[in-house]
Every structure is written in C-alpha cells, then in structure tokens.
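The values are calculated or read from the model by the stated rules, or taken from the named source; none is laboratory data. Computed from a predicted structure; not experimentally measured. Methodologically, a virtual Cβ is constructed for each residue, glycine included, from the backbone with ideal geometry; neighbour enumeration extends over all protein chains shown. Ligands, DNA and RNA are excluded from the accessible area calculation, which covers all protein heavy atoms including side chains. Shrake-Rupley method; radii C 1.70, N 1.55, O 1.52, S 1.80 Å.
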Amino acid sequence: MTTAIWICFLRNAYIKRDYRDGLHDKSEWGQGIIATFESGFTQGPIGFGVDGIAQYAVRLDGGRGNSGAGGIDFFAQDNDGRAKSDLAKFGATAKMRFSNTVLSYGSQRPALPIINADDSRLLYESYTGTMLTSQEIAGLEVNAGYLTDEQRKSDDSHNSGLKSITFGGASYQFNDQLSGALYASHVEDVLNKQYLGLNYAQPLTDAQKLVFDFNGYNSRLEQEYADSLDTGRSNSIWSLATSYIWDIHTFKIAYQQSSGSTGYNYGGYQNQGGVGDGGNTIWLANSYWSDFNGEDERSWQASYALDFGGLGLPGLSWTTAYVRGDNIKTAETNNGKEHEWFNQVQYQVQDGPAKDLKFKVRYSVLRVSSNASDYNVSGNEVRVYVEYPFNAF
C-alpha cells in the first residue's frame, strides 16, 4: 500500500455582521479541530483504500440572539433557538483505483464548479454518495457523481433535505496558457445547471503577465421549486476578469452579468428553501460578501493585491476590491443597487516553532439600496481566522 497521509489542524474562526436598517447584528465564534486520513491504495492492477475525516468544534460565543445567520452558520440552532454548544462529525470513504481512475463511495467533499462543498467557515460541509475521478489522458480530468445526502457544515445530523444530485463534466489543460472546463448537474426537484470556464494566461516578460478568466452558469429551476421562491425559472450569469500581474502586484478588473427571470441560485439547504449544491458553488469573479447575483444584475470590479514577500515580508499579502452592481430587479424596482468594499490581510509564518501558522483578517462594507432590500441587506462584516496545522501521528 502506498504511504498514508494524516493532516490535522486547529481552526479558530470568528465572523461578525453589523447589519443596517434596524436588523439585529449577528456573530459567531468557535474553535474547531479537523483531522483527515488518506490511506493510499493497495498494490496490484486494482488498488483499494479508505479515507476518513473527524471534525470537532466548541462554541465560544454566539448564543441566543446572535447566531442563526445563514451566511455565518458555524453552529446550527436547536428548536429552542439556542445554537449548539459543540459539534462532532465523522466520515469515511471506501475507494478503488484502476490505472488513473478512482471510484469512491462514502463521505465526499467535492470541489467542482457545479458542486463545491463549503470549507470557508468553521467546519467542512460534506456529502454522502459515489464519485468517479479519471485522469487517463494527460491534461484531462473527468469527474462524475451521484450524491444522496448533504451534511450541513454547522450540524452533525444528516437532515438537510437533499434528495439527490447527479453531476458530470471535465476540465482540460490545452497547453501552458489555456485551460477550460465544462460541467452539468441535476439537483432532484430543484434545478438543472451547466457551467463553462476558460482561463488564458499570456506572459509578457519574466515578471509580467496577463490573465483572462471567464466563468459562466446557465440554470433552470423546477416549476414547483420556483413557485416556492415566488420567482421565475431561468438564469444565466457570467463573469470575465482580466488580471495584470507585475512582480508582486496584481491589478484586476472584472465585469459580471446576470439575466433571466430569477437570480443565480446556489448553496443553502433544501429544508430551508436552498438548492443544496454546496456553499462555494459560485465560481464567479464578483463574489465576496455579496455575490452580485441578483435578477438582471450587472456589476463591475476593480481590485489590487500585493505580495509583501518581494518587500522582505514573506508570507504576508493584502487584497482590496471595490465592486458596484446595479439594474437589480425586485418587487419594488428594476434598478436596485449595491456596492461593496472588500479588504483582506493574510499572513503565514514561514519558519520556527509556529511554522505554517496562518492568520487571516477580512473586512467588508456592503451597502444596498432600500428598494432592493428583499434581495440583500447592508452591513459591515469582519472575519478573523487562525489556523495551525500539526502532526498528531
């Protein structure tokens, strides 16, 4: 059997949302520990193996009145409105490899544009079902799957309401400069979705290059699901980002356009009216606190990122972005507006006893016009993450 891999890390996470327009502020703070195990495969033409994951979290703050924001979702609320005090989650996956193709069944954390399990909060979101990943042709990766259960990132139960999701597609590296991806999914009783992605990088000099990144989705909701949301059935949304990278500097501009009779629907949990296809299933340029994905919304972004490694501070980086959206259609208007100013500072310790300790602080200011309040809400958001990997075995 090939070498087994253990990965363990501590994650301390805090999110606070200071809402406007009289809405109650929300915040949650927790300490988590996540351990994953990958066994490798037995020798022979067909190899077998098993993977595992264990997650545990303790709530440090965010009790009655402060928890319950869907966008935070560290600890699910019990029937009495109290957030869970702790969480314990376990999963295992059996897998089989033939040549460069792997078939697995069990706990899955897909990272694909049409189903992307959320790992951006305290604990991981996961699914149960079958997945196939094949890399038989150089540069080509084929993925397919059938999942019948979604475990919420903030809960240790399996009652999110998902019936099934079927998906498939492929990504291909055409050459050193051009890559593309095409995927489709069907969420039972909810929607059908297709995705197209293209990325092109053009070197200019040794220290400069241009990168063009296109991402697009086409979705069609089932009639009963659309009726439950009191919306139309179709949406197309796409973004095109152009980045100029000059040594330690990255300048980016992007445009994003949503059209159809509804906004772009993704994530959430079906027992709460959501889609159930993963909290990170939005591979679009203008996605920060707001996703700028309202009905008929169009948005523009300008951003700048600095890698301080070139200034003698390796491991430190800063990103700032401004996004402005308009033309949002709601029950009150055909031209709702929103804008967001995003900042993030990240530092990873490079050596010494605390090597790989990572700090991330994120601050967003979001303002939404009053006539678009049924689409989104204004507020200020702070996120603070501290992560520390360690060897336990």
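Using 27 Å as the Cα-Cα cut-off, could you pick out the over-long pairs in Lys26/Lys163; Lys193/Lys329; Lys153/Lys337?
Lys26/Lys163; Lys153/Lys337
Which residues in segment 15-35 have a backbone N closer than 17 Å to a point placed 7 Å from the Cα of Val384 along the Cα-to-Cβ line?
Answer for segment 15-35: 15-18, 26-32.
Per the 1.4 Å probe, what fraction of the accessible area of the chain, in percent, lies on carbon and sulfur atoms?
Ligands and nucleic acids excluded, carbon and sulfur reach 55 percent.
For segment 37-134, what is the Kirkwood hydrodynamic radius in Å, using each pair of distinct C-alpha atoms?
15.6 Å
Pairs of alpha-carbon atoms within less than 8 angstrom and 6+ residues apart define the contacts here; what relative contact order does the chain have, in percent?
Normalised by residue count, the contact order of the chain is 12 percent.
If R0 is 25 Å, what FRET efficiency do you get for Ile46 and Thr148 from their C-beta distance, rounded to 0.05?
Using R0 = 25 Å, I get an efficiency of 0.50.
Compute and list, largest first, the equivalent-ellipsoid semi-axes of the chain from the alpha carbon gyration tensor, each √(5λ) rounded to a whole angstrom.
Sorted largest first and rounded, they come to 30, 27, 26 Å.
Can you tell me which of Pro113, Pro45, Pro203 moves the most in a GNM of the chain? Springs connect C-alpha atoms under 10 Å apart.
The residue that fluctuates most here is Pro45.
Accessible area per residue of the chain at 1.4 Å probe, in Å²?
47 Å²
Could you work out the helix-only [θ] at 222 nm for the chain, with each DSSP H run of four or more residues adding -39,500 (n - 2.57) and the total divided by the number of residues, to the nearest 500 deg cm²/dmol?
-500 deg cm²/dmol
At 7 Å along Cα-to-Cβ for each site, give me the label-to-label distance between Asn175 and Asp25 in nm.
5.5 nm
Zone of Tyr322 (label point 7 Å along Cα→Cβ, backbone N under 19 Å): which residues in segment 275-299?
286-292, 298-299
Connecting C-alpha atoms closer than 10 Å in a GNM of the chain, tell me which of Leu87, Leu198, Leu178 has the biggest fluctuation.
Of Leu87, Leu198, Leu178, the most mobile in the Gaussian network model is Leu178.
Have a look at Gly267, Gly309, Gly49 and tell me which one the Gaussian network model of the chain (Cα, springs below 10 Å) gives the largest fluctuation.
Gly309
For the modelled label position 7 Å from the Cα of Asn334 along Cα-to-Cβ, which residues of segment 227-254 have backbone nitrogen atoms closer than 19 Å?
231-236
Calculate, for Thr3 and Val349, the FRET efficiency according to 1/(1 + (r/R0)^6) with r their C-beta to C-beta distance and R0 22 Å; round to the nearest 0.05.
0.25
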